[in-house]
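In what follows, a single structure is set out as structure tokens and then discussed.
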Amino acid sequence: MEFEAVISSRRSVKTYKKDVVISKEELEEIIYLASLSPSAWNLQQWHFLIVTDDEEKERLKKAAWGQPKVKDASATIVVLGDLLAYERAEEVANDWISKNMLPENAKEQLISNVHSFYEDDRTKRDEAVRGASLAAMSIMYAAENKGYSTCPMIGFDPEEVCSSFQIPDHLVPVMMMTIGVGEDAPKERGYRRRPAEIITYNTF
């Protein structure tokens, strides 16, 4: 599908055909494409809890205040932001050195810069949310390109999700996302503000 068509056709779909299975291989293809999203220092501040089992989806549905789409969709993905992504700075530096993108003698300075930037807890959280959100949008486009519908969700109790699924403390729920074969996808797009209403050039 052409990229403009992917963007134009994507809708947030709230009803899904039940009992449709998306293979693990196809889910992982979608996640791989999402993993190509940009992130500061290539730290890739995302992790994905993919819930496909019916019993587990039922537990997740309870944490999402009973929303049927969580159970009906082929999978529901909990998009998580990694507060400790900065700890991968050495891994990133080694990769860059191996690809001649960073001189060997700049490695320690890079690691120091990354760790210094992430000293503040708010920065850790902001970056975790920012990075995971970029990847989440990529999931929606990758899924649309493969013929699957999605719906991003903030209607859930993050604390309940964390406790019910034993999510480690360094991973924070950013959003949930259903994915599957949609039913009754809206044909008309909702109101969008015109470019003239949302663009300011150079300065306010």
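Summary of values
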item	result
Check on P186, at pLDDT below 95 and open to solvent by 30 Å² or more (accessible area, probe 1.4 Å)	yes
V79 being in contact with a Lys or Arg (Cβ under 9 Å, 6 or more places away or on another chain) and open to solvent by less than 80 Å² (accessible area, probe 1.4 Å)	no
Unmet criterion (only one of (1) under 26 Å from I22 (Cα atoms); (2) of a type in the set (A, V, I, L, M, F, W, C); (3) open to solvent by 60 Å² or more (accessible area, probe 1.4 Å); (4) in contact with a Ser or Thr (Cβ under 7 Å, 6 or more places away or on another chain)) for I154	(4)
Flag if V70 is within 18 Å of T15 (Cα to Cα), aliphatic (A, V, I, L, M) and either in a helix (DSSP H, G or I) or out of contact with any helix residue (DSSP H, G or I) (no Cβ under 7 Å at 6 or more places or on another chain) (or both)	yes
Tally, over segment 1-31, of residues that are within 15 Å of P68 (Cα to Cα) and of a type in the set (F, W, Y)	1
Residue satisfying all of: in segment 1-27; out of contact with any strand residue (DSSP E or B) (no Cβ under 6 Å at 6 or more places or on another chain) and of a type in the set (S, T, N, Q); nearest to A185 (Cα to Cα) among these	T15
Residues within segment 8-46 that are open to solvent by 40 Å² or more (accessible area, probe 1.4 Å) and of a type in the set (V, I, T), tallied	3
Pairs, first closer than 18 Å to K14 by Cβ in segment 182-197, second open to solvent by 80 Å² or more (accessible area, probe 1.4 Å) and not in a helix (DSSP H, G or I), C-beta under 7 Å, six or more apart	E183/K17
Residue check, D82 touching a Phe, Trp or Tyr at 6+ places or on another chain (Cβ under 9 Å), over 30 Å from H115 (Cβ atoms) and either of a type in the set (G, A, S) or modelled with pLDDT of 95 or more (or both)	no
Search result, residues across segment 85-132 that are among the basic types (K, R) and over 21 Å from D169 (Cβ atoms)	K99, K107
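The values are calculated or read from the model by the stated rules, or taken from the named source; none is laboratory data. These figures come from a predicted structure and were not determined experimentally. Backbone-built Cβ (ideal geometry, glycine too); neighbour counts: all protein chains shown. Heads up: the accessible areas ignore ligands, DNA and RNA and are worked out on the full protein's heavy atoms, side chains in. Shrake-Rupley method; radii C 1.70, N 1.55, O 1.52, S 1.80 Å.
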